[in-house]
Amino acid sequence: MKFVRAVKLGILLVLAWLIFAAVAIAPHRLCFEGGKVYTFFCGTSSADCREITVDGDKAESMFLSLSDVCGEATVYENVDAEQIIKKFRAKVIACEKLCDSVNYYCKADMPYAVELYGTEINLHVSEKDGRVKVGSPIIFGGY
């Protein structure tokens, strides 16, 4: 009787460990949903970053095939920057107004981060020509 109980407990412990391990090593989900195109920034830093852009509906499968993703971005139409900032419950750290666009550098619940303006930034929202490009940690290469 004690042996059966010990085996059941052992099985439960192994299952709990397997579930924990699967969650710990599983890749995170995509940062953004619904964009027509999706860009992955790959490399170890912005200095050696390469961009891989795919149709939005192929983003998840592409993500699973990449091993060195250091950022993600997509473009939305018919939405404004404030809606995106609100959707991600982001705190705007800095706002940069240029002649043709407005950039918001934010802190939100995102998997990537860089230090900018002396603060950790992990969401960059850029509004230009009626479109919004959103990237994490930032939009590499500009917009």
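For first residues located in the stretch 75-86 and small (Gly, Ala, Ser), partners that are open to solvent by 100 Å² or more (accessible area, probe 1.4 Å) and assigned to a loop (DSSP other than H, G, I, E, B) and lie 6+ apart or on another chain with Cβ distances below 9 Å do not occur.
Here is the figure for the stretch 35-52: residues that are assigned to a loop (DSSP other than H, G, I, E, B) and touching a Gly at 6+ places or on another chain (Cβ under 7 Å) total 3.
Please determine whether any residue of the stretch 67-86 is part of a loop (DSSP other than H, G, I, E, B), closer than 14 Å to LEU30 by Cβ and not acidic (Asp, Glu). Within the stretch 67-86 (the criterion being part of a loop (DSSP other than H, G, I, E, B), closer than 14 Å to LEU30 by Cβ and not acidic (Asp, Glu)), the answer is no, since none of the residues qualifies. A Cβ distance below 8 Å, combined with a sequence gap of six or more or placement on separate chains, defines the contacts here; from the stretch 122-133, residues that are open to solvent by less than 10 Å² (accessible area, probe 1.4 Å) and outside any strand (DSSP E or B) reach residues that are among the β-branched types (Val, Ile, Thr) and modelled with pLDDT under 95 in the pairs ASN122/VAL114. Of the residues making up the stretch 76-111, just one is at pLDDT 90 or above and under 21 Å from GLY43 (Cα atoms), namely MET110.
A count restricted to the stretch 61-89 and to residues that are closer than 15 Å to LYS36 by Cβ and charged (D, E, K, R) stands at 2. If we keep just the residues of the stretch 38-48 that are open to solvent by less than 60 Å² (accessible area, probe 1.4 Å) and farther than 13 Å from PRO137 by Cα, which is farthest from the chain's Cα centre (by Cα)? Checked the stretch 38-48; the qualifying residue farthest from the chain's Cα centre (by Cα) is GLY43.
Residues in the stretch 90-121 that are closer than 15 Å to PRO137 by Cβ and open to solvent by less than 30 Å² (accessible area, probe 1.4 Å): ALA90, ALA94, ASN103, TYR105, CYS106, ALA108, MET110, TYR112, ILE121.
Can you name the residue in the stretch 73-86 that is under 23 Å from LYS58 (Cα atoms) and not small (Gly, Ala, Ser) and, of all such residues, is most open to solvent (accessible area, probe 1.4 Å)? Lay out the reasoning, then the answer.
Just the residues of the stretch 73-86 that are under 23 Å from LYS58 (Cα atoms), to begin with: 73-79, 84.
Cutting the leftovers down to not small (Gly, Ala, Ser) gives us 74-79, 84.
On the way: THR74: 2, VAL75: 33, TYR76: 26, GLU77: 103, ASN78: 152, VAL79: 34, ILE84: 9 Å².
Result: ASN78.
The values are calculated or read from the model by the stated rules, or taken from the named source; none is laboratory data. Values in this document were obtained by computation on a predicted structure and should not be read as measured data. Positions of Cβ are generated from backbone atoms using ideal geometry, with glycine treated the same way; all protein chains shown enter the neighbour counts. Side chains included, ligands, DNA and RNA excluded: accessible areas come from the protein's heavy atoms. Shrake-Rupley method; radii C 1.70, N 1.55, O 1.52, S 1.80 Å.
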